[in-house]
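So the structure is just underneath, and the comments pick up after that.
Nothing in this text is a laboratory measurement; each read-out follows from the coordinates by a stated rule. Given the structure is predicted, the values throughout are model-derived calculations rather than measurements. Reconstructed Cβ throughout: ideal geometry from the backbone, glycine too, with neighbour counts over all protein chains shown.
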Amino acid sequence: MLFTENTKSLISVDLEKFKEIFSTAFRSEEKLLSKALDYLKPLNGKQIRPILVLTSAKLCGKITENTHYLASLFELMHCASLIHDDVVDEAEQRRNRPSLNAIFDNRTSVLVGDFLMAKAANFVYLTQNLEFLNIMQKLFTHIVEGELYQNEHSHNFISEEDYYRIIKQKTAALFAVCAASGAMSAGANKQQIKALSNFGENLGICFQIKDDIFDFTAKNIGKPVFNDVQEGKVTLPLINALEQSNEKEQDRIYDVINKDKINEHDKVFIVKLVQKYGGIKYAEKQMILYKEKAAKCLSVFEESPEKNLLLEMLNFAVERDF
């Protein structure tokens, strides 16, 4: 369980309603598509994004029908992006079982992702609010641009500035939109919307840094350790280590991230290099700084159970082990 039962009970009824609406997107009369959608159904993740939408709305007023549509919209966008990512990255595992593209072919997986995006667009239509359509379009643009920018710079060293640009577009933008849109659906004022947007962005950065730390640690998180390195992605722990390493070490890392398949010797070398220069500790330190930034964003709100739930989400993002 992500949060305490008492706190999560604040939105338990609305979370169940979200699940009902969300599940309608996983229906099709086409046999192959239906089979693929049935395979995806058990993959109900942490649901942190819909919880963020619902809690932000309740913090600013009350949860509305549009809040549920938006929660479903953004969770569908997240699901679709994961399917497309697995195809692009040729990933074979997702949440401790074979990825969709490992069971079906890449073409089918891409089309399933497209189907979910079409369903997401329908939820925007149901809100009858053009502002949410504009938000969805901008968000999707950010995600695609972030993915392309990362792909353009894969198998090469990137700066810390480039790293944050990528994760803000690929991950944090969705968290920011979830929080801001939830507030908008409850009729929040501009100050509240801006505060929650900033909170969501910093929360998303924390979430992604934690995921990137996991890539260097033997945690059971549902994807192979060193997955990012294998795909030629240089993330914050390794970026920090590379900035301090010597030319010989940098040359070795460059060779590793350009290999088709890294071996155990490569993995040991990378782990030792990251440990030698304190890459994990540095990444954790940066994550805590963004956690503090996120918490400060909520200072415009009075103390409440809803605010406490958002802070619990923030704590979960940095303390989780999966």
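What do you get for the angle between helix 65-89 and the principal long axis of the chain? Use alpha-carbon atoms, 0 to 90 degrees, nearest ten.
Tilt of helix 65-89: around 20 degrees.
If packing is taken as the average number of other Cβ atoms within 10 Å across a peptide's residues, how do 299-307, 312-320 rank, most packed first?
312-320, 299-307
For the stretch 171-177, in order, what is each residue's ³J(HN,Hα) by Karplus, 6.51 cos²θ - 1.76 cosθ + 1.60 with θ = phi - 60°, in whole Hz (x at glycine and Pro)?
Using θ = phi - 60°, the values come out as 10, 5, 4, 5, 4, 4, 5 Hz.
Mind giving me the FRET efficiency for Arg97 and Lys276? R0 is 35 Å, r the Cβ-Cβ distance, nearest 0.05 is fine.
FRET efficiency, Arg97 to Lys276: 0.50.
List every residue whose amide H lies under 5 Å from the amide H of Arg94, counting only residues 5 or more places away in sequence or on a different chain, with H placed 1.01 Å from N in the peptide plane.
Those qualifying (amide H under 5 Å, at least 5 residues apart or on another chain) are Ser99.
For the chain, what is the calculated [θ] at 222 nm in deg cm²/dmol (nearest 500), taking -39500 (n - 2.57) for each run of four or more DSSP H residues and dividing by its residue count?
Computed ellipticity for the chain at 222 nm equals -23000 deg cm²/dmol.
In degrees between 0 and 90, to the nearest 10, how far off the longest principal axis of the chain does helix 247-257 point, with axes built from Cα atoms?
On a 0 to 90 degree scale, this one is about 50.
For a 28 Å ceiling on Cα separation, which of these pairs sit above it: Lys62/Lys285; Lys267/Lys296; Lys46/Lys170; Lys233/Lys272?
Correct reply: Lys62/Lys285; Lys267/Lys296.
Considering only Ser72, Ser159, Ser185, give the residue with the highest GNM mean-square fluctuation for the chain, with springs between Cα atoms whenever their separation is below 10 Å.
Ser159
In whole percent, what relative contact order does the chain give with Cα contacts below 8 Å and a gap of six or more residues?
21
With label points built 7 Å along Cα→Cβ from the Cα atoms of Asp114 and Lys138, find their separation and express it in nm.
Result: 2.8 nm between the two label points.
Apply the Karplus curve 6.51 cos²θ - 1.76 cosθ + 1.60, θ = phi - 60°, to the phi angles in the stretch 191-199 and return the couplings in whole Hz, x for Gly and Pro.
The phi angles translate into 5, 5, 5, 5, 4, 6, 4, 5, 4 Hz.
Please give the helix 130-152 orientation as an angle from the longest Cα principal axis of the chain, in degrees from 0 to 90, rounded to the nearest 10.
So the helix axis and the longest Cα principal axis differ by about 10 degrees.
Compare Leu174, Leu196, Leu33 in a GNM of the chain, Cα atoms joined below 10 Å, and give the one with the largest fluctuation.
Evaluated over the chain, the most mobile residue of the options is Leu33.
Between Gln191 and Thr24, what is the FRET efficiency for a Förster distance of 56 Å, r being their Cβ-Cβ separation, to the nearest 0.05? Could the numbers behind the result be given before it?
Numbers: r = 35 Å, r/R0 = 0.62.
The pair Gln191/Thr24 has a calculated efficiency of 0.95.
Place +1 on the Cβ of every Lys and Arg and -1 on the Cβ of every Asp and Glu in the stretch 5-319, take the dipole about the Cα centre, and give the residue among Val13, Met117, Pro98 whose Cα lies farthest towards its positive end.
So the residue furthest toward the plus end is Val13.
Give the span of the chain's Cα atoms along each principal axis, as three whole-Å numbers ordered largest to smallest.
58, 50, 34
Can you give the charge dipole size of the chain about its Cα centre, rounded to the nearest 20 debye, using +1 on the beta carbon of Lys and Arg and -1 on the beta carbon of Asp and Glu? Working shown, then result.
Numbers: 40 positive and 45 negative charges, 142 e Å.
The calculated dipole for the chain is roughly 680 debye.
State the Cα centre-to-centre distance between the stretch 103-143 and the stretch 277-301 in whole Å.
31
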